[in-house]
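What follows is one structure encoded as structure tokens, with my remarks underneath.
The values are calculated or read from the model by the stated rules, or taken from the named source; none is laboratory data. Model, not experiment: these values are computed from the prediction. Quick reminder, even Gly has a Cβ in these numbers, built from the backbone with ideal geometry, and neighbours come from all protein chains shown. These accessible areas exclude ligands, DNA and RNA; they are computed on the full protein's heavy atoms, side chains included. Shrake-Rupley method; radii C 1.70, N 1.55, O 1.52, S 1.80 Å.
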Amino acid sequence: MMSLRENTQAGVLADGTSRISCRGQQVYQFLGVSSFCQYTVVPDTSLAKIEPSAPLDKVCLLGCGVSTGYGAAVQTGKVEKDSTCAVFGLGAVGLAAVMGCKAVMAKRIIGVDINPEKFEKAKQFGATDCINPKDYDKPIQEVLVEMTNGGVDYALECVGSPSIMSAALESTREGCGTCVIAGWTETETMSVQIIKILMGRTLKGTYFGGWKSVKDVPKLVEKYMQKKLKLDEFITHNLSLGQINAAFELLRNGQSIRTVISLEDS
């Protein structure tokens with residue numbers, strides 16, 4: 001019997017079917033929720049009752065990316081005040097991780113990305129330093145260890161690349177460093193030198209930032225409504241459903257952070 005997660009990844013509900021069809025054929029729904037349709041059927045674990053006045057074209061970002069990165073820092077990683085952090089990848093998940101580190105008053109937040117055009121935005125979210133691995137002739141983990149005199153206290157991987165996951169772990173401080181994997185990959189294998197763990201580091205993974213959707217998403221919405229959580233700043237484009245391929249191209253080219261798709265204006 002497939003687990004709920006396996007069913008979700010397969011695009012079906014707990015009974016192995018989707019409630020959506022088109023011309024007599026089953027339509028699979030993204031992560032058990034569905035995307036780009038006005039009505040759907042979801043499991044109760046995917047349903048959260050939120051503040052009715054919350055703008056849906058903003059809080060939709062809490063369905064995954066922003067909540068995952070923010071939670072990776074504050075919920076799973078439990079980043080501490082005055083700590084030193086490195087965030088690998090400055091897309092929406094990474095920027096949310098930066099935001100989480102700042103929220104708990106980390107002293108130094110280093111953003112790592114091969115696209116320097118993302119650095120200004122990262123600093124707006126709270127990054128104190130931004131570095132491009134392409135600017136160095138040594139592995140980025142060695143650069144970070146030198147920059148921080150021994151390694152960062154927390155590393156948050158928000159790319160989904162096994163090699164970057166390994167680099168993130170190796171960038172943390174011996175004895176007390178914590179690495180949280182928030183980037184998504186299903187089929188690849190991460191390589192870990194056992195000594196890196198034996199020397200006292202902690203390696204964690206996070207799914208949806210460690211939040212429980214039914215209980216925690218309404219609280220995140222409330223934080224946004226109280227202006228304690230950024231969402232608007234993640235949205236770089238608003239497009240209609242008919243422009244969805246252009247939205248994917250913007251994402252693929254690194255020109256957007258999040259594009260909100262309107263279903264009404266297709």
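What helices (runs of 4 or more DSSP H) completely inside the stretch 89-149 contain at least 2 residues that are within 30 Å of residue 227 (Cβ to Cβ)?
Values: elements: 92-103, 119-125, 140-147.
By residue number, 92-103, 119-125.
Do we find a residue being farther than 24 Å from residue 221 by Cα, surrounded by fewer than 10 Cβ atoms within 10 Å (Cβ to Cβ) and not aromatic (Phe, Trp, Tyr) anywhere in the stretch 24-45?
Yes: one or more hits.
Filter the stretch 107-129 down to the residues that are touching a residue at least 40 places away in the same chain (Cβ under 8 Å) and open to solvent by 70 Å² or more (accessible area, probe 1.4 Å), then identify the one that is nearest to residue 165 (Cα to Cα). If you could, list the steps in order and put the result at the bottom.
Of the stretch 107-129, the ones touching a residue at least 40 places away in the same chain (Cβ under 8 Å) are 108, 110, 115, 117-118, 121, 124-125, 127.
If we keep only those that are open to solvent by 70 Å² or more (accessible area, probe 1.4 Å) as well, we get 117, 124.
Values: 117: 22, 124: 25 Å.
Per the criteria, the residue is 117.
Tell me which of these residue 1 doesn't satisfy, since it passes every other one: (1) open to solvent by less than 80 Å² (accessible area, probe 1.4 Å); (2) modelled with pLDDT under 85.
(1)
Residues of the stretch 225-266 being open to solvent by less than 30 Å² (accessible area, probe 1.4 Å) and at positive phi, which ones?
Of everything in the stretch 225-266, just one residue is open to solvent by less than 30 Å² (accessible area, probe 1.4 Å) and at positive phi, namely 254.
Would you call residue 208 of a type in the set (Phe, Trp, Tyr) and within 20 Å of residue 79 (Cβ to Cβ)?
Numbers: of a type in the set (Phe, Trp, Tyr): yes; within 20 Å of residue 79 (Cβ to Cβ): yes.
Answer is yes for this residue.
Contact list please: Cβ distance under 8 Å, first residue in the stretch 130-148 and under 18 Å from residue 94 (Cα atoms) and modelled with pLDDT under 95, second residue among the small types (Gly, Ala, Ser) and loosely packed, with under 15 Cβ neighbours inside 10 Å, pairs at least six apart or on different chains.
none
It is to be established whether one or more residues within the stretch 199-216 are open to solvent by 40 Å² or more (accessible area, probe 1.4 Å) and part of a helix (DSSP H, G or I).
Yes, there is a match, as at least one residue in the stretch 199-216 is open to solvent by 40 Å² or more (accessible area, probe 1.4 Å) and part of a helix (DSSP H, G or I).
Going by the structure shown, is residue 171 of a type in the set (Gly, Ala, Ser) and free of Cβ contacts under 8 Å to residues at least 60 places away in the same chain?
Values: of a type in the set (Gly, Ala, Ser): yes; free of Cβ contacts under 8 Å to residues at least 60 places away in the same chain: no.
No, not satisfied.
Suppose the filter is of a type in the set (D, E, K, R) and either assigned to a loop (DSSP other than H, G, I, E, B) or in contact with a Pro (Cβ under 7 Å, 6 or more places away or on another chain) (or both); does residue 51 pass it?
Values: of a type in the set (D, E, K, R): yes; either assigned to a loop (DSSP other than H, G, I, E, B) or in contact with a Pro (Cβ under 7 Å, 6 or more places away or on another chain) (or both): yes.
Criteria met by residue 51.
Of all residues in the stretch 225-266, which are in contact (Cβ under 8 Å) with a residue 60 or more places away in the chain and part of a strand (DSSP E or B)?
Matches in the stretch 225-266: 235, 238, 258, 260, 261, 262.
Which one of these does residue 222 not meet: (1) outside any helix (DSSP H, G or I); (2) in contact with an Asp or Glu (Cβ under 9 Å, 6 or more places away or on another chain)?
Looking at each condition in turn, residue 222 falls short on (1).
For the stretch 144-164: of the residues being among the aliphatic types (A, V, I, L, M) and open to solvent by less than 10 Å² (accessible area, probe 1.4 Å), which is nearest to residue 118 (Cα to Cα)? Can you show your working first?
First pass over the stretch 144-164, keeping only residues among the aliphatic types (A, V, I, L, M): 144-145, 147, 152, 155-156, 159, 164.
After this cut, where a residue has to be open to solvent by less than 10 Å² (accessible area, probe 1.4 Å) as well, the list is 144, 152, 155-156.
Numbers: 144: 19, 152: 21, 155: 18, 156: 17 Å.
The residue in question is 156.
Do we find a residue being in a strand (DSSP E or B) and touching a strand residue (DSSP E or B) at 6+ places or on another chain (Cβ under 7 Å) anywhere in the stretch 161-168? Walk me through how you get there before you give the answer.
Going residue by residue through the stretch 161-168, those that are in a strand (DSSP E or B) are none.
Checked the stretch 161-168: no residue is in a strand (DSSP E or B) and touching a strand residue (DSSP E or B) at 6+ places or on another chain (Cβ under 7 Å).
Restricting to the stretch 174-196, what's the tally of residues that are over 19 Å from residue 100 (Cβ atoms) and either buried (at least 21 other Cβ atoms within 10 Å of the Cβ) or basic (Lys, Arg) (or both)?
1
Residues being over 28 Å from residue 31 (Cβ atoms) and either part of a loop (DSSP other than H, G, I, E, B) or touching a strand residue (DSSP E or B) at 6+ places or on another chain (Cβ under 8 Å) (or both): count how many of those fall in the stretch 169-190.
Of all residues in the stretch 169-190, those over 28 Å from residue 31 (Cβ atoms) come to 170-177.
If we keep only those that are either part of a loop (DSSP other than H, G, I, E, B) or touching a strand residue (DSSP E or B) at 6+ places or on another chain (Cβ under 8 Å) (or both) too, we end up with 171-177.
Residues meeting the conditions: 7.
Which condition does residue 143 not pass, out of (1) under 24 Å from residue 191 (Cα atoms); (2) in contact with a Cys (Cβ under 7 Å, 6 or more places away or on another chain), if it passes all the others?
(2)
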